[in-house]
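Chemist: My questions all concern the structure below.
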Amino acid sequence: MIVLLLGAPGAGKGTQAALINKKYGLRHVSTGDLLRAEVAAGTPVGKSADAIMKSGALVPDDMILGLLKNALKTAGKGIILDGYPRTKAQTEELIKLIQNMGEKINAVINIKLTEKEIVDRIVMRRQCKKCGNIFNLRFIKNFDGKCPKCGSADVYQRPDDNEAAAKHRLEVYHAQTAPVVEFFKDKDFYKEVDGSKPVEKVFEEIEKIIGK
Ligand code: AP5
C-alpha cells in the first residue's frame, strides 16, 4: 500500500504519518527527514542542502530523487510518503518509480489548513531528538524544556521553523507544489481532510480513507 500525504508546510503531515505508521505498520518516508539526516551526517548532499533548507526553498529535484530511490527500494507492508512529490518533475519520477516497484498509489491525502494557522504552528513546533515526538508549545502549559512524551531534555527547534522561513516555504508551496495537487485532484484516490481539527479528529478522517 502506498499513501501520499500532501499539504502545506506545518499542515500536520509528520504528525499524521506517525499515527498511520503506528496503526497500519506502513513505513514513514519523509524527504525532509532524509535530508535532515544527511545534514546531520555532514555528507556532500547534506552540505549542499543545509542552506537551501534553512531559507525555505526546495532542494534540486535530482538531489532528492537519489535519496528517495534508496528509501523506496523495498515497499514491505507499505509506505507513507510525506513531503514528496513537491514539483511536477518529482510527480513524474514518483509515478515511474512506483510502477517499477510493481506497486500502485492507494491514497493521496491532502491535509488542508489556513496560512495563519500554519505559521503559528510552525514557529511553536518542537521535536524530541530521543523519541522523535513532534509537539507544539501552544498546547503545553509551563513548558519545562522536556519532551512531554518521553521526558528527554534533548528537544530542538528546526532551523527553518522561524516566521521568515515559514512564509517563504508557503510561497514556494503555492508556486511549485500547488500544481502537484492539481495533478492528483481528479483521481478517485485523491481525498482532502480538514487539518484544523484536533490531531485525533484528523486521524479519524484518515482512518476512514485508508480503512479501519
Ligand atoms: P519537510 O520536513 O518536509 O517540511 P514541510 O513540508 O515544510 O512540513 P513540515 O515538516 O514543516 O510540517 P508537517 O506538515 O509535517 O507538520 P507537523 O506534523 O510537523 O521539508 C523541509 C525542507 O526540506 C523543505 O523546505 C525543503 O527545503 C526540503 N525538502 C523536503 N522534501 C523536499 C522535496 N521533495 N523536494 C525538495 N526539497 C525538499 O505539524 C506542525 C506543528 O503543528 C507541530 O508542532 C504539531 O505538533 C502541530 N500539529 C500537527 N497537527 C496538529 C493539529 N491537528 N492541531 C494542532 N496542532 C497540530
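Each value in this text was obtained by applying a stated rule to the coordinates, not by laboratory testing. Not measured: the values here are computed from a predicted model. Note that we place each Cβ from the backbone using ideal geometry, even for glycine, and neighbour counts take in every protein chain shown.
Chemist: Using Cα-Cα distances under 8 Å and only pairs 6 or more residues apart, what relative contact order does the range 106-205 have, in percent?
Modeler: Once divided by the residue count of the range 106-205, the mean separation gives 39 percent.
Chemist: Another question, if that's okay. For the chain, calculate the relative contact order in percent as a whole number, restricting contacts to Cα pairs under 8 Å that are 6 or more residues apart.
Modeler: Computed value for the chain: 30 percent relative contact order.
Chemist: For the chain, build the charge dipole from Cβ charges (+1 Lys, Arg; -1 Asp, Glu) around the Cα centre, then report which of Ile206, Ala166, Ala51 sits farthest towards its positive end.
Modeler: It is Ile206, whose Cα lies furthest towards the positive end.
Chemist: Between their Cα atoms, which of Lys22/Lys191; Lys96/Lys212; Lys13/Lys187 are more than 27 Å away from each other?
Modeler: Violating the 27 Å Cα-Cα cut-off are Lys96/Lys212.
Chemist: Give the residues of the range 90-115 whose amide nitrogen is closer than 18 Å to a point set 7 Å from the Cα of Lys208 in the direction of its Cβ.
Modeler: Counting backbone N atoms under 18 Å from the label point, the list is 107-113.
Chemist: Students often forget the sequence filter, so: which aspartates and glutamates lie under 14 Å Cα-Cα from Lys129 once same-chain residues fewer than 8 apart are removed?
Modeler: Output for Lys129: Asp33, Asp154.
Chemist: Does the range 122-210 classify as rounded, prolate or oblate by the C-alpha gyration tensor (a ≥ b ≥ c root eigenvalues; a/c under 1.5 gives rounded; else a/b over b/c gives prolate, otherwise oblate)?
Modeler: Cα axes put the range 122-210 in the oblate bin.
Chemist: Right, another one. Within straight cross-link reach of Lys77, meaning Cα distance under 12 Å, which aspartates and glutamates are found once same-chain residues fewer than 8 apart are removed?
Modeler: Cross-link targets: Glu103.
Chemist: Moving on. Under the rule of -39500 (n - 2.57) per DSSP H run of 4 or more residues, summed and divided by the residues of the chain, what mean residue ellipticity at 222 nm is obtained, to the nearest 500 deg cm²/dmol?
Modeler: -14000 deg cm²/dmol
Chemist: Further question on the same structure: How would you rank 143-150, 79-86, highest first, on the average number of other Cβ atoms within 10 Å across their residues?
Modeler: Going by the mean number of other Cβ atoms within 10 Å, highest first, we get 79-86, 143-150.
Chemist: What aspartates and glutamates does Lys23 reach when the alpha-carbon gap must be under 18 Å and sequence neighbours fewer than 8 apart in one chain are set aside?
Modeler: Asp82, Glu200, Glu204, Glu205, Glu207
Chemist: Oh, and also: Kindly identify the range 1-88 as rounded, prolate or oblate by the Cα gyration tensor criterion: order the square roots of the eigenvalues as a ≥ b ≥ c, call it rounded if a/c is under 1.5, otherwise compare a/b with b/c, prolate if a/b is larger, else oblate.
Modeler: In terms of gyration-tensor shape, prolate.
Chemist: Continuing with this model, one more query. Stokes-Einstein diffusion coefficient for the chain at 25 °C in a medium of 0.890 mPa s, Rh from the Kirkwood formula over Cα pairs: what value in µm²/s?
Modeler: It comes out at roughly 139 µm²/s.
Chemist: Going by a ≥ b ≥ c, the root eigenvalues of the Cα gyration tensor, does the range 52-108 fall in the rounded group (a/c under 1.5), the prolate group (a/b larger than b/c) or the oblate group?
Modeler: It is prolate, given that a/c is not under 1.5 and a/b is the larger ratio.
Chemist: What is the dipole size for the range 116-190, taken about its Cα centre, with +1 at each Lys and Arg Cβ and -1 at each Asp and Glu Cβ, in debye to the nearest 20?
Modeler: I would put it at about 420 debye.
Chemist: A follow-up question, please. Given springs between every Cα pair under 10 Å in a Gaussian network model of the chain, which of Asn21, Asn142, Asn100 has the largest fluctuation?
Modeler: Taking springs between Cα atoms under 10 Å, the residue moving most is Asn142.
Chemist: Dipole of the range 1-156, Cα-centred, from +1 at each Lys and Arg C-beta and -1 at each Asp and Glu C-beta, to the nearest 20 debye?
Modeler: The dipole magnitude comes to about 560 debye.
Chemist: Same structure, new question: Based on the alpha carbon coordinates of the range 26-147, what radius of gyration and maximum Cα-Cα distance (Dmax) apply, in Å?
Modeler: Rg and Dmax of the range 26-147, Cα atoms, are 16.4, 51 Å.
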